[in-house]
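The block underneath contains the structure these notes are about, expressed in structure tokens.
The values are calculated or read from the model by the stated rules, or taken from the named source; none is laboratory data. Every value quoted in this text rests on a predicted model; they were computed, and no experiment measured them. Heads up, the Cβs are rebuilt from the backbone with ideal geometry, glycines too, and the neighbour counts pull from every protein chain shown. Ligands, DNA and RNA are excluded from the accessible area calculation, which covers all protein heavy atoms including side chains. Shrake-Rupley method; radii C 1.70, N 1.55, O 1.52, S 1.80 Å.
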Amino acid sequence: MTKEDIVASFFVKIARIKDDILAIDEVVPDKELMITSLLGLPPTSGAFAAGLNNWKEAPTFEELWTVCSQE
């Protein structure tokens, strides 16, 4: 399994949980999804996570997925 496969699998699982929560009419703010996703990254990603926290606006879940896939 490649690094890209692991990242994709991780975000697919979070996306499924997000969809399950939406199915019961609850909304998960993007900021919460971002924090949850960043907490799931390895400790070596600390500088990367800190950089995302410095964005003017919190990225959407999809933006975060894209950025993490490219990182």
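Brief remarks on what is shown
- Accessible area of the chain belonging to carbon and sulfur atoms, whole % at 1.4 Å probe: 58
- The chain, Cα convex hull volume normalised per residue, Å³: 79
- Available extension along the chain between GLU4 and TRP55 is 16.0 nm, counting 0.36 nm per residue and deducting the alpha carbon span.
- A 1.4 Å probe run over region 1-55, with the rest of the protein chains in place, finds 72 Å² accessible per residue.
- Take every pair of alpha-carbon atoms less than 8 Å apart whose residues are at least six positions apart; their mean separation over the length of the chain yields a relative contact order of 40 percent.
- Counting charges near VAL12 (Lys, Arg +1; Asp, Glu -1) among other residues having Cβ under 14 Å from its Cβ returns a value of -2.
- Spin-label pair ALA47/ILE24, simplified geometry with 7 Å Cα→Cβ offset, distance in nm: 4.1
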